[in-house]
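This structure is in structure tokens; I'll ask about it shortly.
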Amino acid sequence: MLMAELNLPVHLPPKTNNAQCGEKRETAFPAQVPNVVPFVGDHPNPARRTLKRQLMVLALLLVSSVMSYAVINRWCLSTVVVQGRSMQPTLDDGDRCLLNRLSYVYASPRRGDLVVLRDRSEDDLAVKRIVALPGESVRVSNGTIFVNGRRLIEPYLEDGTTTVTPGGNDQAYELHAEEYFVLGDNRAESEDSRYYGPVTRRQFVGTLIK
């Protein structure tokens, strides 16, 4: 009996590289993630960030305070120490006062003001009192000050104080625009307009606040 020949597909298992005898079989394992502790910088500390901000704010406040003090001291208010006795009894040697540098920004000097002015030496400051204003006439005679022909009343002087010139003779001045006649309250120990004549408004630094 003849058998019919059938052509049926045959599925063979895939070839595998079997290890030969005596060889080690290599086995693949999944990659292992090392157990590494992350660096602190990878996770910012909120407390550290807050401290850094606070330090920055404090630094800015410090810089602002120093700059504000410098500006106020240079252009607004500053502390001065009186040296000498030329303004007694109003001011004593060693008195601490405030210098208002803005006094004459919007106002004009007035008679009786205590002014801080640049003395003949630009590096030196002096405290004096304004006794005569621009356009007025001043005469020193017989120990008395006369302004526009009238005796000047000076309640801030000690009783018995006289005003004399360096040479003991009479002196007269006609004040021009922006000129002022200044004197110290202690006339016996003050070097003022009797010695160097009228001063100009440009020499005024400000007024003194006791």
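Quick note: the coordinates plus some simple rules give every number you see, no bench work behind them. Please read these numbers as outputs of a predicted model, since none were measured by experiment. A quick note on method: Cβ atoms are made from the backbone with ideal geometry, for glycine too, and the neighbour counts reach across all protein chains shown.
Only four residue types carry charge here, +1 at the Cβ of Lys and Arg and -1 at the Cβ of Asp and Glu. Report the dipole size of region 101-210 about the Cα centre in Debye, rounded to the nearest 20. Walk me through the numbers on the way to the answer.
Numbers: 15 positive and 17 negative charges, 74 e Å.
Using Cβ point charges on Lys, Arg, Asp and Glu, region 101-210 gives about 360 debye.
Right, another one. Along the Cα-to-Cβ line of Arg120, 7 Å from the Cα, sits a label point; which residues in region 185-201 have backbone N less than 16 Å from it?
Once the point is set 7 Å along Cα→Cβ of Arg120, 190-200 turn out to lie under 16 Å by backbone N, inside region 185-201.
Further question on the same structure: Could you sort the peptides 165-178, 79-92, 184-197 by per-residue average Cβ neighbour count (10 Å cutoff), highest mean leading?
Details: 165-178: 11.4, 79-92: 15.9, 184-197: 17.4.
Listed from highest to lowest mean packing, they are 184-197, 79-92, 165-178.
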